[in-house]
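Each reported figure results from applying straightforward, stated rules to the coordinates on display, with no laboratory input. Keep in mind that what you see is a predicted model, and the values were worked out from it rather than measured. Glycine gets a Cβ as well: all are built from the backbone with ideal geometry, and neighbour counts include every protein chain shown.
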Amino acid sequence: MARLVIRYARLGKGLLKMDLSIANMAVDLQLARTQQEWGLAVLKSAMESETEMAEETLQLAENLHPALGHNVDVRA
């Protein structure tokens, strides 16, 4: 009977470690998702900013001369 209790105690400790491991993995996964969403939001904001700047540049070029701004070379 004592052997059975010791085996169960060892198994219990292993299950506890596995539960903590699963909890840690869940936290890490959520952190990775949050970081990815944050990164995408920052990238989207930067792209919108670049688009607005390009549009303003084209409007400025059109205001300087009506024929300007139809062909613009843009480097990324």
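Give me the net charge for the shell around E56: Cβ to Cβ below 12 angstrom, other residues only, Lys and Arg +1, Asp and Glu -1. Walk me through the numbers on the way to the answer.
Numbers: positive: none; negative: E50, E52, E55, E62.
With Lys, Arg at +1 and Asp, Glu at -1, the net is -4.
Go through 30-40, 53-63 and give me the packing order, highest mean Cβ count within 10 Å leading.
Per-residue Cβ counts within 10 Å, averaged per peptide and sorted highest first, yield 53-63, 30-40.
Spacing of the modelled spin labels on L58 and L43, each 7 Å from Cα toward Cβ, amounts to 2.4 nm.
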